[in-house]
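One structure below.
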Amino acid sequence: KGSQAFIPMSNQPYLVVVAPKGEAPKPSDLRLFLARGDQGVNYATGVWHHPLLGLESVVDFIVIDRKGPGDNCDVINLNHTALIAELEDCMA
């Protein structure tokens, strides 16, 4: 319901999983990115995202989020699995 920014504090790589705005994503909608430990991510309003996934250890983040009444996001459960077939590298 608002944009969200996540800034890593642990200098460890992590995975970012997103899908376009809209209905609950299907496995084919998911996109996976590898982020460096010095790279933050900012989600636009309405973009579906999985919680960030630390790879080598626990990754702590500073979170910049919307303030106001009500929930800031809708939590959904996916009723299917997705296999990581290719990883797009955001390390450049």
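The values are calculated or read from the model by the stated rules, or taken from the named source; none is laboratory data. This is a predicted model, so every value here is computed, not measured. Cβ coordinates were reconstructed from backbone atoms using ideal geometry, including for glycine residues, and neighbour counts include every protein chain displayed. The protein model used for the area step is the full one, side chains on, heavy atoms only, and it has no ligands, DNA or RNA in it. Shrake-Rupley method; radii C 1.70, N 1.55, O 1.52, S 1.80 Å.
Pop a pseudo-label 7 angstrom from the Cα along the beta-carbon direction at both residue 56 and residue 26 and give the gap in nm to one decimal.
Each label point is offset 7 Å from its Cα along the Cβ direction, giving 3.8 nm.
In whole Hz and in residue order, list the ³J(HN,Hα) couplings for segment 51-59 that follow from phi through the Karplus curve 6.51 cos²θ - 1.76 cosθ + 1.60, θ = phi - 60°; x for Gly and Pro.
With the stated coefficients, segment 51-59 comes to x, 5, 10, x, 9, 8, 6, 5, 10 Hz.
Report the net charge of residues surrounding residue 37, where surrounding means a beta-carbon distance below 13 angstrom and charges are Lys +1, Arg +1, Asp -1, Glu -1.
Numbers: positive: 36; negative: 38, 56, 60.
Residues close to residue 37 contribute a combined charge of -2.
Where the accessible area of the chain is counted over protein heavy atoms with a 1.4 Å probe, how much of it, in %, is carbon and sulfur?
Values: 3470 of 6400 Å².
The nonpolar share, carbon plus sulfur, comes to 54 percent.
About the Cα centre, and with charges only on the beta carbon of Lys, Arg (+1) and Asp, Glu (-1), how big is the dipole of the chain? Nearest 20 debye, please. Can you show the working numbers first?
On the way: 7 positive and 11 negative charges, 58 e Å.
Value, rounded to 20: 280 debye.
Cβ neighbours within 10 Å, averaged per peptide: list 36-48, 10-22, 61-73 in order, most packed at the top.
Details: 36-48: 14.0, 10-22: 15.6, 61-73: 9.9.
Per-residue Cβ counts within 10 Å, averaged per peptide and sorted highest first, yield 10-22, 36-48, 61-73.
Using the heavy atoms of the protein chains and a 1.4 angstrom probe, tell me the accessible area per residue for segment 1-64 in square angstrom.
On the way: 3690 Å² over 64 residues.
Roughly 58 Å² per residue, with all protein chains present.
Beyond 22 Å, what percent of the Cα pairs of the chain remain?
Details: 1303 of 4186 pairs.
Tail of the P(r) past 22 Å holds 31 percent of the pairs.
Could you work out the relative contact order of the chain? I mean the mean sequence separation of Cα pairs under 8 Å and 6+ apart, divided by the number of residues, in percent. Don't jump to the answer; show the numbers that get you there.
Numbers: 167 pairs, mean separation 38.7, N = 92.
Contact order relative to length: 42 percent.
Please state the shape class of segment 1-52: rounded when a/c is under 1.5, otherwise prolate if a/b exceeds b/c and oblate if not, all from the C-alpha gyration tensor. Please report the intermediate quantities before stating the final value.
Working: a/c = 3.35, a/b = 1.57, b/c = 2.14.
The shape class here is oblate.
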